[in-house]
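**Student:** Here it is, the structure in full.
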Amino acid sequence: MYYYIKKKDLNQDQLKEILMSDGVDFMISNKNMTIENIKLIGESVVGKTLGEISNKIINVNKRNKGSSGMMIEEEVFGYHNNSNPEPDFFDAKTELKFTPIKKNNNGTFSAKERLVLNIINYMEEYKKDFYSSSFWMKNQRLFILFYLWEINLEQKDYRVVMSLLHEYPEEDLLIIIQDWQKIVEKIRNGKAHELSESDTLYLGACQKGKNRHSLRKQPFSSVLAMQRAFSLKNSYMTQLVRMKYMEVDSEKIVKKSELENKSFEEIIYARLERFIGLSQNDLKIRFNIQSTAKNINDMLLSRMLGIKGRISNTSEFIKANIITKTIRVEANGRVVESMSFPYFLYKDMYNEVWENSTLRNHFETEKYMFVIFKKQNDEYIFSGVMFWNMPVTILDSKVKEVWEKTKNVIITGDIIKSISEKGIVHTNFPTSTKSYPIVHVRPHGTNKNDKCALPVKEIHYGYLEFTKHCFWLTNKFVEEIIKSRL
């Protein structure tokens, strides 16, 4: 038996009684649905697997649904998947989302992916203000059902673990407005083809296509731009999961009153400005820090910003996926050290394509805050910070070239060029900073015995594993990035 439930048919108590009854199947009309109805229906499937939900209504395998999200839309909430500009529940101004979380090795939970919202229409979005934008009209309130993703688990066995009515906190909304404005500004400047998720903090413009068939016209340039969609970043969703599912909160850096007048970056610059010109020792004395730990600069930065914990653990830095990197500049303006990134797994690179590669994902989604110390009279002086993200034009050209060269070396097994009499290994990886002035590859293990497995046997020496390597931002390129701050 199916119940077709409309707002006028039943009051809240009657609806609850039906949903809690054993052996009752139901189909919901979303017309005129209230927020209370939406929450009650959503909560009724928490704790159930998709197989249990679909078997109660219609066998999902027989229906051959393309996605679990469509099944939730059609068989729980009773409407067909669509691309309407209005939210799914029009009267409640609420959009429905179904998204996975995953359990990490350390026992914590995180979002498995970004939350993709609506496609950006380059030809129309720039004509609007934020509160009439396609993003706000469709996504001002979200009802999210989270399911637990596990590797090798069949779709029918995914379990819904949490429902959440998400209304943006005031501080988040102010940052999201700034993000939307940055995206639209690029469109107005004829640079929609240069959009990147790392341009913004919480609201991203994620890529929705992989080839020329996904290119779209833009209003102020003849250059075709890759189709993109508004999205809440993976890092934003992870913080949301940990706050609501794990009940873990994080220290905040900025206040609503500050964000009403300045951008997040401007607030950080203003907080740190009065410390520019002080040496590391001056700062240690000022904040009564005795430590000589390797993370001393992180400790100093936290104190300068007025926070108690690590800056990487603050709500804003987690949500925005901002990575801090300390840069030491010599008295002559030179940056001696190149900047390392996590080592890559050879087997992973063997199976990757550029568009979905680990390296591209790092630079496409991460924003960096460079903390700069310049040497003067044998002391390193705090010279400020700089926010930076990799321009997509460089990412998909110069960086891609190095990645492709590296992958080819791994695929062919032609890794070792020579080994000197002293045992120094020279490889065919793109190591030359002259030939590859943006990004290059070098070892990044604790020692020469710190290795990981190869997908293909090394053809000259038969090695099945090799010293860990990683991509590095070349020191000369780093110099060019930060020179405006010196």
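The values are calculated or read from the model by the stated rules, or taken from the named source; none is laboratory data. Note that the structure is predicted; figures quoted are calculated from it, not measured. Backbone-built Cβ (ideal geometry, glycine too); neighbour counts: all protein chains shown.
**Student:** So the check is Cβ under 8 Å with 6+ separation or different chains; which pairs have a first residue in region 312-323 that's charged (D, E, K, R) and a second one that's in a strand (DSSP E or B) and surrounded by 21 or more Cβ atoms within 10 Å (Cβ to Cβ)?
**Tutor:** Taking only residues 6 or more apart or on different chains, the pairs are 316/322.
**Student:** So which of 252, 233 is in contact with a Ser or Thr (Cβ under 8 Å, 6 or more places away or on another chain) and under 21 Å from residue 133 (Cα atoms)?
**Tutor:** Among 252, 233, only 233 is in contact with a Ser or Thr (Cβ under 8 Å, 6 or more places away or on another chain) and under 21 Å from residue 133 (Cα atoms).
**Student:** Return only the number of the condition from (1) under 28 Å from residue 393 (Cβ atoms); (2) exposed (fewer than 14 other Cβ atoms within 10 Å of the Cβ) that residue 331 does not satisfy.
**Tutor:** Result: residue 331 passes all but (1).
**Student:** Condition first: closer than 25 Å to residue 361 by Cβ and out of contact with any helix residue (DSSP H, G or I) (no Cβ under 9 Å at 6 or more places or on another chain). Now tell me which residues in region 395-434 satisfy that.
**Tutor:** Selection gives 397, 398, 401, 405, 408, 409, 412, 431.
**Student:** Kindly provide the set of residues from region 231-274 that are among the aromatic types (Phe, Trp, Tyr) and in contact with a Leu (Cβ under 7 Å, 6 or more places away or on another chain), ordered by number.
**Tutor:** Scanning region 231-274 gives a single hit, 264.
**Student:** So, in region 423-458, exactly how many residues are in a strand (DSSP E or B) and surrounded by 17 or more Cβ atoms within 10 Å (Cβ to Cβ)?
**Tutor:** Total satisfying the criteria: 5.
**Student:** Let me ask something else about it. Can you tell me which residues in region 105-133 are over 22 Å from residue 217 (Cβ atoms), hydrophobic (A, V, I, L, M, F, W, C) and touching a residue at least 60 places away in the same chain (Cβ under 8 Å)?
**Tutor:** Those that are over 22 Å from residue 217 (Cβ atoms), hydrophobic (A, V, I, L, M, F, W, C) and touching a residue at least 60 places away in the same chain (Cβ under 8 Å): 109, 111, 115.
**Student:** Let me ask something additional. Working only within region 179-218, note down all residues that are buried (at least 16 other Cβ atoms within 10 Å of the Cβ) and either part of a loop (DSSP other than H, G, I, E, B) or hydroxyl-bearing (Ser, Thr, Tyr) (or both).
**Tutor:** Result: 191, 195, 196, 198, 200, 201, 202.
**Student:** Which members of region 134-189 meet the condition of being without any contact (Cβ under 8 Å) to a residue 60 or more places away in the chain, of a type in the set (S, T, N, Q) and over 21 Å from residue 120 (Cα atoms)?
**Tutor:** Correct list: 152 only.
**Student:** Please tell me if residue 483 is part of a helix (DSSP H, G or I) and modelled with pLDDT under 95.
**Tutor:** yes
**Student:** Helices (runs of 4 or more DSSP H) wholly in region 260-363 with at least 1 residues that are within 27 Å of the chain's Cα centre (by Cα) - which ones?
**Tutor:** Ranges flagged: 264-273, 296-305, 315-320, 346-351.
**Student:** A further question follows. Give me the pairs: first residue in region 232-258 and without any contact (Cβ under 8 Å) to a residue 12 or more places away in the chain and in a helix (DSSP H, G or I), second residue surrounded by fewer than 19 Cβ atoms within 10 Å (Cβ to Cβ) and not small (Gly, Ala, Ser), beta-carbon distance under 8 Å, and six or more apart or on different chains, which are they?
**Tutor:** Final answer for the pair search is 243/249; 258/267.
**Student:** Here's another thing I want to ask about it. Pick out the one residue from 417, 400, 405 that is in the same structural domain as residue 444 (by TED's automatic domain parsing), modelled with pLDDT of 95 or more and touching a Phe, Trp or Tyr at 6+ places or on another chain (Cβ under 6 Å).
**Tutor:** So the residue among 417, 400, 405 that is in the same structural domain as residue 444 (by TED's automatic domain parsing), modelled with pLDDT of 95 or more and touching a Phe, Trp or Tyr at 6+ places or on another chain (Cβ under 6 Å) is 400.
**Student:** Quick test for you: out of 151, 183, pick the one residue that is of a type in the set (A, V, I, L, M), modelled with pLDDT under 95 and on the phi < 0 side of the Ramachandran plot.
**Tutor:** Exactly one residue qualifies, and that residue is 151.
**Student:** While we're here: Quick one: what pairs do we get from region 380-400, first residue within 21 Å of residue 201 (Cβ to Cβ), second surrounded by fewer than 18 Cβ atoms within 10 Å (Cβ to Cβ) and small (Gly, Ala, Ser), C-beta under 9 Å, 6+ apart or different chains?
**Tutor:** 386/484
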